[in-house]
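K.L.:
First the structure, which I've put down as structure tokens, then a few questions once you've had a look.
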Amino acid sequence: MLKRSCLLAVLLPSTLLAQRPQTREGFWISFGVGQGNLRWECAGCATQDHGGPTGFLRLGGTPSKKVLLGAEMNGWSLDIGAAEITALTTTFTVYWYPSATGGLFLKGGVGAGVYDRTSASSDAHSTSGAIQLGGGYDIRVGQKISITPMLTAWASGKADLKDGSTTLNTGFRHSGGTIQVGITFH
């Protein structure tokens, strides 16, 4: 009995996945939520590191069965004391699948990073270039639908943190990582 249960536990998931082959073609879109870490630092200030909720939106096209091209936006929102902090990265991203029929993918992108800190006394803002790296897995649950868990790490370049035209800090940059789950429509 135990051998049969173990055999079923091993074979059933692979049988279910075999019934939902990984096909990638045309337009795709994905969105979801998760948890992430946001870190910021600047010249002459203390590094800060905070966790909070994240969300993402990805969309693009499929030039081949192993490559997707698209835009990806990842956002963070934190309330720290009297300040509300939001950060956003928007990147042009390449998603590479080592197997044309598998769900595993690696991703890398370049684009922009935006940081905003709003409080009663100031509205600080910084924009700079950004890069991201990560990976995930499309778990096919329908003919053209997948549940997609992902890991993403990113970092912005250094820029000034300003309140209007007043420079608050120089050498400001932010970075972080996320664990997210979303739904992908292929």
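K.L.:
How much length would be gained if the chain were fully extended between A83 and I183, taking 0.36 nm per residue of separation minus their Cα-Cα distance, in nm to one decimal?
P.N.:
Contour length minus Cα-Cα distance gives 32.8 nm.
K.L.:
Find how much the distance from I147 to T23 grows on full extension, using 0.36 nm per residue of separation minus their present alpha carbon separation; answer in nm with one decimal.
P.N.:
Taking 0.36 nm per residue and subtracting the Cα distance, the gain is 43.2 nm.
K.L.:
Continuing with this model, one more query. Can you work out ³J(HN,Hα) from phi for every residue in the range 156-162, in order, using Karplus 6.51 cos²θ - 1.76 cosθ + 1.60 and θ = phi - 60°, giving whole Hz and x for Gly and Pro?
P.N.:
The phi angles translate into 9, x, 7, 7, 7, 9, 10 Hz.
K.L.:
Let me ask you something else. Relative to the first principal axis of the alpha-carbon coordinates of the chain, what is the inclination of helix 2-19, with its axis defined by its Cα atoms, in degrees from 0 to 90 and to the nearest 10?
P.N.:
70 degrees
K.L.:
Oh, and also: Which values, in whole Å and largest first, are the semi-axes of the equivalent ellipsoid of the chain obtained as the square root of 5 times each eigenvalue of the Cα gyration tensor?
P.N.:
The answer is 39, 18, 13 Å, longest axis first.
K.L.:
Starting from the coordinates of the alpha-carbon atoms of the range 132-186, obtain the Kirkwood hydrodynamic radius over all distinct pairs and give the value in Å to one decimal.
P.N.:
Every distinct Cα pair counted, the radius reaches 13.8 Å.
K.L.:
Answer with one residue from G102, T170, G70: the one whose Cα lies farthest towards the positive end of the charge dipole of the chain, charges on Cβ with Lys, Arg +1 and Asp, Glu -1.
P.N.:
Towards the positive end, the residue furthest out is G102.
K.L.:
Continuing with this model, one more query. Arranged by the count of other C-beta atoms within 10 angstrom, fewest first, what order do M73, M150 take?
P.N.:
M73, M150
K.L.:
From the helices alone, meaning DSSP H stretches of at least four residues, give me the mean residue ellipticity at 222 nm for the chain, per-run term -39500 (n - 2.57), in deg cm²/dmol to the nearest 500.
P.N.:
It comes out at -3500 deg cm²/dmol, rounded to the nearest 500.
K.L.:
Still on this structure: Please give the contour-minus-distance gain from L59 to R39: 0.36 nm per residue of separation, less the Cα-Cα distance, rounded to one decimal in nm.
P.N.:
Result for the pair: 4.6 nm of gain on full extension.
Values in this text are rule-based calculations from the coordinates and carry no lab data. Predicted, not measured: the structure shown is a model, and the values here were computed from it. With ideal geometry, Cβ positions are generated from the backbone for all residues, glycine too; neighbour counts draw on all protein chains shown.
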